[in-house]
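A short worksheet on the structure shown next.
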Amino acid sequence: MKQTSSTQGVPEVSAVPRHIAIIMDGNGRWATRRFLPRVAGHAKGVERVRDVVEKCVERGVEYLTLFAFSSENWRRPAEEVSVLMRLFMTALEREVTKMHVNSIRLKVVGDLSRFDPKLQEMIANAERRTAGNTRLTVNVCANYGGRWDVMQAVGKMVAAHPGAAEFSEEQLAPHLALAFAPEPDLFIRTGGEQRISNFMLWQLAYTEMYFTETYWPDFDGAALDEAIVSYQQRERRFGRTSAQLITTKKAS
């Protein structure tokens, strides 16, 4: 399905975001405040993913993209990285069957070559098993970075058009890692930080931003609803004026 780029056309706007992207921040700080090891926060964060996925299904969201592990997260202590990998594998073992039963599709997006071969195989099996599901697509960004995404897309585009001296957005877009999904309508970052941290740099061009102090392990259905309500109060102009929006609404 060809998606509308927000810089090339005006995407359809609905009351409920079609696509929500989330940086799940604050797991470690949540644990530290409770005098627990940081890894306890990551484990609790995995449980919260399940809750938010269920809420997105209930609310009619079509795509949910979660920033699970960035290309910069390899800089963290080796023990913490190891725990994160184990949690990823455990989550795949426990959740894929439930996702499949509930017609949820799983996509893992990023440079997976650095992961253990067993984890790569688990990811491939999970994607194959859920490929035909249509109720909600959950994209887990792992060893992903926005600059990596643009660069790998440029490389593929150049290879697909040998000898070309000029390129267009339409030629690049199909090679982006999330080309199968519409651009996010709503971006959420938990944990109090207000930056996008190399996440979906291309795709967030016209996305509505929502930042909350709530740590990810505490981000429940009510918190998600607050974010959606904030989104519904935004005026999504895509370069147009407010007067144009009023005219368009009257015409429809």
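The table that follows gives values for the structure above.
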{"quantity": "Rg to Rh, two decimals, where the chain supplies the alpha carbon set and Rh follows Kirkwood", "calculated": "0.97"}
{"quantity": "Per residue value of the accessible surface for the range 86-242 (all protein chains in place, 1.4 Å probe), Å²", "calculated": "50 Å²"}
{"quantity": "Hull shadow area, averaged, the range 21-69 [alpha-carbon convex hull, nm²]", "calculated": "3.5 nm²"}
{"quantity": "Residue (of LEU36, TYR231, VAL158) at the positive-pole extreme of the chain, dipole from beta-carbon charges", "calculated": "LEU36"}
{"quantity": "Packing rank of 105-114, 163-172, where each peptide gets the mean count of other beta carbons within 10 Å, highest leading", "calculated": "105-114, 163-172"}
{"quantity": "Debye, to nearest 20: dipole size of the chain, +1 on Lys, Arg Cβ, -1 on Asp, Glu Cβ", "calculated": "180 debye"}
{"quantity": "The range 90-165 and the range 60-85: distance between their alpha carbon centers, rounded to Å", "calculated": "13 Å"}
{"quantity": "Portion, in percent, of the accessible area of the range 124-244 that falls on carbon or sulfur, probe 1.4 Å", "calculated": "50 percent"}
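The values are calculated or read from the model by the stated rules, or taken from the named source; none is laboratory data. Please read all numbers here as calculations on a predicted model, not as lab measurements. Backbone-built Cβ (ideal geometry, glycine too); neighbour counts: all protein chains shown. Note: areas computed on protein heavy atoms with side chains; ligands, DNA, RNA excluded. Shrake-Rupley method; radii C 1.70, N 1.55, O 1.52, S 1.80 Å.
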